Amino acid sequence: MSASGGNKAIVAALAANLGIAITKFVAWAFSGSSSMLAEAVHSLADSGNQVLLLVGGRKSRQEADREHPFGYGRERYVYAFVVSIILFSIGGVFSLYEGVQKLQDPHPLEVPWLPIVVLLVAMGLESYSLRTAVRESNHVRGTQSWVQFVRHAKAPELPVVLLEDVAALTGLVFAFLGVGLTIITGNPIWDAIGTLFIGLLLVLVAVVLGIETKSLLVGEGAGALDAAAIERAILAGPETQKIIHLKTLYLGPDELLVAGKVAFDAETRFSDVAVGIDTVEARIREAVPAARVIYLEPDIFVDPNRRAPPTDTIVIKGRE
């Protein structure tokens with residue numbers, strides 16, 4: 001994912017959510033709708049999410065130092081994890097609390113038309129934000145399905161914004177149904193039910209994002225296509241005979257560590273080994289540009305299944 005593409009989607013979502021949050025709080029103040037309050041908190045939490053993603057992206061660009069010799073690329077994973085767990089959960093738990101309160105103490109809506117107008121406007125703005133996120137994601141998604149893209153993307157920003165926008169639009173539908181049914185039936189219980197559904201939705205999204213970003217924090221290796229490309233690059237020339245073992249690890253969304261032990265011919269001179277490793281590293285970087293940190297250890301491959309050559313033995317007094 002290009003940084004500009006991710007930032008464009010984040011800024012579009014931030015601008016939309018700030019405007020939506022303000023209008024929702026105003027609508028709640030005049031109407032007393034709990035669904036509107038839950039949606040206002042949802043939009044406010046989303047705005048905080050986008051700010052954190054921007055901060056994480058900025059911190060990840062710090063230069064490597066003695067304490068962090070591989071750089072700060074994983075800062076983006078840390079902030080995405082904070083987004084998924086803390087802010088989404090706060091929004092979800094608050095919405096559930098507000099829905100339960102409204103069930104226990106229901107009260108009719110005041111100025112009922114105002115929430116409807118605000119929700120329709122919010123749907124339009126959220127649709128624009130989602131459209132931007134989808135367009136930017138399509139630049140890097142390739143042939144993956146949307147589920148595969150969210151699950152396997154190494155850059156967390158676009159998947160987070162995508163899920164946020166989908167959750168926001170779904171929450172707006174829940175709020176619209178809750179408010180609409182309350183206006184039609186005159187029973188405020190529907191507004192409370194809409195609030196509860198918004199809370200459950202936010203908690204569900206928090207769990208999904210938490211699982212995916214936790215995997216990135218623990219450490220993920222290259223995908224199957226990139227791993228195969230790295231192997232082909234190592235074996236593409238005459239320098240190496242075999243890959244003894246190979247390990248990869250993402251140090252950040254745009255930086256892949258490649259470490260491996262490769263077999264050279266036993267008769268190869270040391271100077272030729274050094275040149276060969278440099279050549280192989282250049283091929284790896286050309287095949288997978290994200291492979292910026294490469295450590296290759298030369299070795300001589302010994303087949304563990306090869307039978308040892310027979311040796312002469314001397315038998316003395318019945319002992320070998």
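Laboratory data are not the source of any read-out in this text; all were calculated from the coordinates shown. Because the structure is predicted, anything quoted here is derived from the model rather than measured. All Cβ positions, glycine included, derive from the backbone under ideal geometry; neighbour counts span all protein chains shown.
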Subject >> Volume of the Cα convex hull of region 3-218, divided per residue and given in Å³ >> reply: 110 Å³
**OP:** Of the DSSP beta bridges with both residues in the chain, give the percent that are antiparallel, rounding to the nearest 5.
**Re:** 55 percent
Original post:
Helix 157-185 versus the longest principal axis of the chain: what angle, 0 to 90°, nearest 10, using Cα atoms?
Top reply: 20 degrees
Original post:
Scattering from the C-alpha atoms of region 224-299 alone, worked out with Debye: what is log10 I(q)/I(0) at q = 0.15, 0.21, 0.22 1/Å?
Top reply: -0.45, -0.86, -0.93
Original post:
In debye, nearest 20: dipole of region 37-165 around its Cα centre with unit charges on the Cβ of K, R (+) and D, E (-)?
Top reply: 620 debye
**OP:** Give me the lysines in straight-line cross-link reach of K8: C-alpha distance below 19 Å, same-chain residues under 8 apart excluded.
**Re:** K59, K154
Subject >> Two-decimal log10 I(q)/I(0) for region 106-255, as the Debye equation yields it once each C-alpha is a single scatterer, q = 0.11 Å⁻¹ >> reply: -0.61
Subject >> Alpha carbon centroid spacing (whole Å) that separates region 165-237 from region 49-65 >> reply: 22 Å
**OP:** Report the relative contact order of the chain, percent, no decimals, based on alpha-carbon pairs under 8 angstrom and at least 6 residues apart.
**Re:** 20 percent
**OP:** For helix 113-141, report the angle its Cα long axis makes with the longest principal axis of the Cα atoms of the chain; keep it between 0 and 90° and round to the nearest 10°.
**Re:** 10 degrees
Original post:
Using modelled backbone amide H atoms (1.01 Å from N, in-plane), which distant-in-sequence or interchain residues come within less than 5 Å of L256's amide H?
Top reply: L251, A291, R292, V293
Subject >> Protection proxy ranking, peptides 269-275, 244-250, 30-36, average beta carbon neighbours within 10 Å, highest first >> reply: 30-36, 244-250, 269-275
Original post:
Among P69, P115, P289, which one shows the biggest mean-square fluctuation in a GNM of the chain, springs joining Cα atoms closer than 10 Å?
Top reply: P69
Original post:
Can you tell which of H107, G48, V160 lies farthest toward the positive end of the dipole of the chain, using +1 and -1 charges on the Cβ of basic and acidic side chains (Lys, Arg; Asp, Glu)?
Top reply: V160
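Rounded to two decimals, what is the ratio between the C-alpha radius of gyration of region 77-149 and 2.2 N^0.38 Å? Can you show the working numbers first?
On the way: Rg = 18.0 Å, N = 73, 2.2 N^0.38 = 11.2 Å.
After normalising by residue count via 2.2 N^0.38 Å, the value is 1.60.
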